[in-house]
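Chemist: Pasting in a structure now, in structure tokens, and then I'll have a few things to ask.
The values are calculated or read from the model by the stated rules, or taken from the named source; none is laboratory data. None of the values given here were measured: they were computed from a predicted structure. With ideal geometry, Cβ positions are generated from the backbone for all residues, glycine too; neighbour counts draw on all protein chains shown.
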């Protein structure tokens, strides 16, 4: 088990107990289609907005259990031939592995960036508005904005953990372009590199009511010799909601991240 996952489990164990009725953890999701026996019908047709676009709204969870766990640990799991690392990127990854991932931002409760949050075990809520899509992450109650109002990308922006995102629709797919990242970030638990030179393209598609697919292309010429693509799948979390969670509360992991 990775140090990062141990930190996650440890943090969960330190959460204060509270009555479930105060957290809406078992409250029926409004508007959720159901089968004859009352169970959520995740195979139902995708909901649509007033202008006919697929409505991306919902509480979503990444496939981190089973095979999905390896995506959180290794973003290159489904990349044929592995990540096309530059010599600089390969040396950086090698040094992170040799140091036993001591500097993993997750273990230090740092923001993880948009790609890593897609594979993180904590849920995220998408709110689909007319001129933007907002993604709220349970981990540290952070948020991300994807503007769909036609605005241009900012010129010389202040580097950000999630970068700056604009989106447009191509049929039933929301295509999102993001740049303006902070340098030195990690894409997964093993430390796959991600730099300020990166540009990310995400293609959000909701094929059914309970399924969301995000095809991600990373173009980072400092870390990789060519752009590479992977697809992340998420499932609707029915009849529940997010909790308040802050990574720094009762975090006992940092003193143990000694490396070599």
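Chemist: Which residues, counting only those in the stretch 156-172, are assigned to a loop (DSSP other than H, G, I, E, B) and either farther than 18 Å from residue 54 by Cβ or touching a strand residue (DSSP E or B) at 6+ places or on another chain (Cβ under 8 Å) (or both)?
Modeler: 156, 157, 158, 159, 161, 162, 163, 172
Chemist: Out of (1) without any contact (Cβ under 8 Å) to a residue 12 or more places away in the chain; (2) over 22 Å from the mean Cα position of the chain (by Cα); (3) on the phi < 0 side of the Ramachandran plot; (4) not in a helix (DSSP H, G or I), the odd one out for residue 38 is which?
Modeler: Condition not satisfied by residue 38: (3).
Chemist: Here is a follow-up. Inside the stretch 111-121, can you point out the residues that are in a loop (DSSP other than H, G, I, E, B) and either closer than 20 Å to residue 200 by Cβ or modelled with pLDDT of 95 or more (or both)? Can you show your working first?
Modeler: Restricting attention to the stretch 111-121, the residues satisfying the condition of being in a loop (DSSP other than H, G, I, E, B) are 111-113, 120-121.
Hits for the stretch 111-121 are 111, 112, 113, 120.
Chemist: Among the residues of the stretch 97-112, which ones are touching a strand residue (DSSP E or B) at 6+ places or on another chain (Cβ under 8 Å) and surrounded by 19 or more Cβ atoms within 10 Å (Cβ to Cβ)?
Modeler: Those that are touching a strand residue (DSSP E or B) at 6+ places or on another chain (Cβ under 8 Å) and surrounded by 19 or more Cβ atoms within 10 Å (Cβ to Cβ): 104, 106, 111, 112.
Chemist: For the stretch 218-248, enumerate the residues that are out of contact with any helix residue (DSSP H, G or I) (no Cβ under 6 Å at 6 or more places or on another chain) and within 26 Å of residue 48 (Cβ to Cβ).
Modeler: Passing the criteria: 231, 233, 234, 235, 236, 237, 238, 239, 240, 241, 242.
Chemist: Looking at 81, 89, 107, which one is in a loop (DSSP other than H, G, I, E, B) and closer than 23 Å to residue 225 by Cα?
Modeler: 81
Chemist: I need the full set of residues from the stretch 186-210 which are in a strand (DSSP E or B) and under 14 Å from the mean Cα position of the chain (by Cα), in order please.
Modeler: 186, 200, 201, 202, 203, 204
Chemist: Only one of (1) over 14 Å from the mean Cα position of the chain (by Cα); (2) surrounded by fewer than 19 Cβ atoms within 10 Å (Cβ to Cβ); (3) in a loop (DSSP other than H, G, I, E, B) fails for residue 127. Which number is that?
Modeler: The failed condition is (3).
Chemist: Let me ask something additional. State which residue is nearest to residue 243 (Cα to Cα) when the search covers only the stretch 140-155 and only residues that are touching a strand residue (DSSP E or B) at 6+ places or on another chain (Cβ under 6 Å) and part of a strand (DSSP E or B).
Modeler: Applying the filter and picking the extreme gives 143.
Here's the yes/no breakdown for (1) surrounded by 19 or more Cβ atoms within 10 Å (Cβ to Cβ); (2) closer than 30 Å to residue 25 by Cβ:
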site	(1), (2)
171	no, no
214	yes, yes
220	yes, no
242	yes, yes
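Chemist: Right, another one. Please determine whether any residue of the stretch 57-68 is surrounded by 13 or more Cβ atoms within 10 Å (Cβ to Cβ), modelled with pLDDT of 90 or more and part of a loop (DSSP other than H, G, I, E, B).
Modeler: Yes, the stretch 57-68 contains a residue that is surrounded by 13 or more Cβ atoms within 10 Å (Cβ to Cβ), modelled with pLDDT of 90 or more and part of a loop (DSSP other than H, G, I, E, B).
Chemist: Further, regarding this structure: What's the number of the only condition in (1) at positive phi; (2) surrounded by 20 or more Cβ atoms within 10 Å (Cβ to Cβ) that residue 165 fails to meet?
Modeler: (1)
Chemist: Take the stretch 118-136 and flag every residue that is free of Cβ contacts under 8 Å to residues at least 40 places away in the same chain and in contact with a strand residue (DSSP E or B) (Cβ under 6 Å, 6 or more places away or on another chain).
Modeler: 132, 134, 135
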